[in-house]
């Protein structure tokens, strides 16, 4: 535990003090990655000596992870080998941190943070405010004891302040734009503090808590929906005009293998038009979510590889100062949320055993050019 909605957080301790080193896993040795066999009818080949992603990319390459999965030595070794940044998949969200009585728990995010620090990795904070989560402690807040706005600020100060000095960036507000692009989402935060005001307040408070971290606005379906992308950019422009310390844009990129070529490139270039750093924040490429059900498995795998290549090439085309990080939403197929949604999916660049697929080879090729 540490802090609560009702108490202002103490001055953050240094990262070395506040995160238990008992949580750090010791690597059991480097994972030997072998060449994969044919992946589809066209036998996509993967070099046996494929270098790790982080060694060829001129920016941080990341993956999401859950704390319990660090108990898997093979995954721990794969992460240590391939990536230079970690994102807690869900254990830095309110649903995990905020307890029914308003107190905070940090055991799982502390463990992920400790693993990242032990392996020289950056840590991406995900996420401070999300419309989809309204913990009961906030919904039932006793405003005779503390105003809602003060509890909101206390939370952001406690979480962002705890990881100050280690987190390289925060998804301060996640998925703020309505699905159809017609304005912003309704939420407890919007109803209590104002549709725009709660967003701007989150950025100002996060900057108070951490003066150095990149503060990102993160959303999804921006490559599929031009209207949503336009509203996302208008929100970013309004935040900047208001003086809110928005310093980066995140695009999740949960995409299907049959996405039309060029859509990802167009989206990334439009986001870059504001001059802010760009984070490809949650990339995976689903086979089973593809709309075209007539495509063979082999053709979907071929297109999946092409999507990974286009995403990496579009990101590489940005000016160096705008390449914040490139994060995969899981390295191995077996760990993906999409695999749990449909056991037939294989959305990641590494297979269940951690062997690189053609998508991993495409990323390496794009990153080192």
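The values are calculated or read from the model by the stated rules, or taken from the named source; none is laboratory data. What you see is a predicted model; the values in this text were computed from it and never measured. So basically every Cβ, Gly included, is an ideal-geometry build from the backbone, and we count neighbours across all protein chains shown.
For every residue, the table says whether it meets (1) outside any loop (DSSP other than H, G, I, E, B); (2) touching a strand residue (DSSP E or B) at 6+ places or on another chain (Cβ under 6 Å); (3) modelled with pLDDT under 80.
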| residue | (1), (2), (3) |
| --- | --- |
| 39 | no, no, yes |
| 77 | yes, no, no |
| 80 | yes, no, no |
| 112 | yes, yes, no |
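Looking only at segment 139-160, which residues are under 29 Å from residue 211 (Cβ atoms) and free of Cβ contacts under 8 Å to residues at least 60 places away in the same chain? Don't jump to the end; show me each part of the working.
Restricting attention to segment 139-160, the residues satisfying the condition of being under 29 Å from residue 211 (Cβ atoms) are 141, 146-160.
147, 148, 149, 150, 152, 153, 156, 160, listed by residue number.
For segment 317-334, filtering for residues that are under 26 Å from residue 296 (Cβ atoms) and either in contact with a helix residue (DSSP H, G or I) (Cβ under 6 Å, 6 or more places away or on another chain) or assigned to a helix (DSSP H, G or I) (or both) leaves 3. Only one entry in 233, 216 is under 19 Å from residue 173 (Cα atoms) and in contact (Cβ under 8 Å) with a residue 60 or more places away in the chain, namely 216.
Taking residues in segment 192-213 that are more than 23 Å from residue 325 (Cβ to Cβ) and assigned by TED's automatic domain parsing to the domain that holds residue 153, and partners anywhere that are modelled with pLDDT of 95 or more and not in a helix (DSSP H, G or I), the pairs with Cβ atoms closer than 7 Å and at least 6 places apart or on different chains are 195/184; 200/244; 204/244; 204/245.
Looking for something assigned to a helix (DSSP H, G or I), surrounded by fewer than 21 Cβ atoms within 10 Å (Cβ to Cβ) and touching a strand residue (DSSP E or B) at 6+ places or on another chain (Cβ under 8 Å) - is there at least one such residue anywhere in segment 115-132? Before you say what the answer is, go through the steps one by one.
Initially, segment 115-132 is screened for residues assigned to a helix (DSSP H, G or I), giving 115-118.
Checking which are surrounded by fewer than 21 Cβ atoms within 10 Å (Cβ to Cβ) leaves us with 117-118.
Add one more test, that the residue is touching a strand residue (DSSP E or B) at 6+ places or on another chain (Cβ under 8 Å), and what stays is 117.
Scanning segment 115-132 turns up at least one residue that is assigned to a helix (DSSP H, G or I), surrounded by fewer than 21 Cβ atoms within 10 Å (Cβ to Cβ) and touching a strand residue (DSSP E or B) at 6+ places or on another chain (Cβ under 8 Å).
This table checks each residue for (1) out of contact with any strand residue (DSSP E or B) (no Cβ under 6 Å at 6 or more places or on another chain); (2) part of a loop (DSSP other than H, G, I, E, B); (3) crowded, with 24+ Cβ neighbours inside 10 Å.
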residue: 208; (1), (2), (3): yes, no, no
residue: 212; (1), (2), (3): yes, yes, no
residue: 218; (1), (2), (3): no, no, yes
residue: 224; (1), (2), (3): yes, yes, no
residue: 227; (1), (2), (3): yes, no, no
residue: 234; (1), (2), (3): yes, no, no
residue: 237; (1), (2), (3): yes, no, no
residue: 244; (1), (2), (3): yes, yes, no
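Per-residue answers, yes or no, for (1) part of a helix (DSSP H, G or I); (2) modelled with pLDDT of 95 or more; (3) not assigned by TED's automatic domain parsing to the domain that holds residue 358:
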residue	(1), (2), (3)
265	yes, yes, no
273	yes, yes, no
283	no, yes, no
292	no, no, no
301	yes, yes, no
308	yes, yes, no
